[in-house]
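Accompanying notes for the structure given below.
The values are calculated or read from the model by the stated rules, or taken from the named source; none is laboratory data. Computed from a predicted structure; not experimentally measured. Glycine gets a Cβ as well: all are built from the backbone with ideal geometry, and neighbour counts include every protein chain shown. For the accessible areas, the whole protein counts, side chains as well, though only heavy atoms, and no ligand, DNA or RNA atoms are used. Shrake-Rupley method; radii C 1.70, N 1.55, O 1.52, S 1.80 Å.
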Amino acid sequence: MTNATKSEIKKVRKAVFPIAGLGTRFLPATKVMPKEMLTLVDRPLIQHAVEEAKAAGIEEFIFVTGRFKEMLNEHFDYQPELMETLEKRGKHELVEKVRECQLPEGSLFLTRQPKPLGLGHAIWCARKLVGDEPFAIMLPDDVVLAKTPCLKQMVDAYNTTGGNLVAVMDVPREDTSKYGILDAAETKGNLTNIKGLVEKPKPADAPSTLSIIGRYILQPEVFDYLEKFETGAGGEIQLTDAMAKLIGKQPFHGFHYEGQRYDCGSRLGFIEANIAFALHDPEIGADVKKIVKSHA
Ligand code: UTP
């Protein structure tokens, strides 16, 4: 499939944040509190994802929420009592920090996934809000520490290639059954042409070790396949299976981003991410380094 010409490439203005999962790997922490509210240094995972989307020029933020997830929407609301109290106390820096969480009026859109039937189903629940234009998907439990935010890198690449783009990283072969895996054709620069996609293949069956991480730019035609509600790996409606059906009909690339990805959906990945982000924090980084050394 050849790349789209520049005039055909529609701007990516919308991002979907699927946040209706159960977060079972973090129980009991996630019994009442959503996984996406877990704190990476000083802000919840969902705020890291929203900030990354803002840096990529996203204008509309679509949350696919579920039961007990209201806290996630409220985090981005105006909080007048808190702001007033902080103002009165002269805590201007904190006022700024709280203000940074607010999303511009009319830019946050909510839809619900009544049952966690899988990532593909969650994305399908956003179809009316996305409409007929390309859109990004961000999984807030995948966090990328990078000089240029990962989604911004992807949008820049997309503005040349058009079509569909998924962020990819190389994983050890024994881990392929945790990811969507590429059947990869040729690689040019940071783009790999995709021949096929398989969700969670056994190591022996995996066509490569290039795995999809939680950043996507997709064309709206993916909804035509999601609406068939076909179940795949784990009995869930898988986004990977619907994306695989677009291959050959539209350009489809794996994008090799610059940066370090952390799987904040797992306890080990979340702890590693906290250490890495804390070490990069201008206020506490040096002291965190001392603490880490003292535990080595
Ligand atoms: P995960 O695959 O990490 O699933 O979802 P999960 O249910 O949140 O967590 P575990 O595996 O039980 O610990 C990746 C992202 O997709 C969302 C999740 O909220 C998370 O942000 N998701 C997943 C949905 O919105 N709906 C689903 O049906 C499944």
- Among the residues of the range 71-84, is any in contact with a Pro (Cβ under 6 Å, 6 or more places away or on another chain), surrounded by 12 or more Cβ atoms within 10 Å (Cβ to Cβ) and under 30 Å from Asn193 (Cβ atoms)? no
- Note on the structure: Going through the range 7-44 in order, the residues found to be among the small types (Gly, Ala, Ser) and not in a loop (DSSP other than H, G, I, E, B) are Ser7, Ala15
- Query: Hey, does the range 25-40 have a residue that's more than 16 Å from the ligand (Cβ to nearest atom), out of contact with any strand residue (DSSP E or B) (no Cβ under 9 Å at 6 or more places or on another chain) and at pLDDT 95 or above?
  - Reply: no
- When the range 5-33 is checked residue by residue, the ones that are in contact (Cβ under 8 Å) with a residue 24 or more places away in the chain and in contact with a Gly (Cβ under 7 Å, 6 or more places away or on another chain) are Glu8, Ile9, Ala20, Arg25
- So, first residue within 24 Å of Glu74 (Cβ to Cβ) in the range 109-120, second residue open to solvent by 70 Å² or more (accessible area, probe 1.4 Å) and near the ligand (Cβ under 8 Å from one of its atoms), Cβ within less than 7 Å, six or more apart or across chains; the pairs are Pro116/Leu22
- Could you run through the range 257-296 and say how many residues are modelled with pLDDT of 95 or more, hydrophobic (A, V, I, L, M, F, W, C) and outside any helix (DSSP H, G or I)? 2
- Task: Kindly provide the set of residues from the range 29-76 that are of a type in the set (A, V, I, L, M) and on the phi > 0 side of the Ramachandran plot, ordered by number.
- Result: Val41
- Message: For the range 180-239: of the residues being buried (at least 16 other Cβ atoms within 10 Å of the Cβ) and of a type in the set (Gly, Ala, Ser), which is modelled with the lowest pLDDT?
- Response: Gly232
- Item | Test result for Glu258, closer than 20 Å to Lys188 by Cβ and away from the ligand (no atom under 16 Å from the Cβ) | yes
- Message: Can you tell me which residue is surrounded by the fewest Cβ atoms within 10 Å (Cβ to Cβ) among those in the range 92-135 that are hydrophobic (A, V, I, L, M, F, W, C) and within 14 Å of the ligand (Cβ to nearest atom)?
- Response: Leu110
- When the range 33-70 is examined, which residues are found to be under 17 Å from the mean Cα position of the chain (by Cα), of a type outside the set (Lys, Arg) and open to solvent by 30 Å² or more (accessible area, probe 1.4 Å)? Thr39, His48, Glu51, Ala55, Gly57, Glu59, Glu60
- Task: For Glu272, state whether it is closer than 23 Å to Met169 by Cα, out of contact with any Pro (no Cβ under 9 Å at 6 or more places or on another chain), surrounded by fewer than 17 Cβ atoms within 10 Å (Cβ to Cβ) and free of Cβ contacts under 8 Å to residues at least 12 places away in the same chain.
- Result: yes
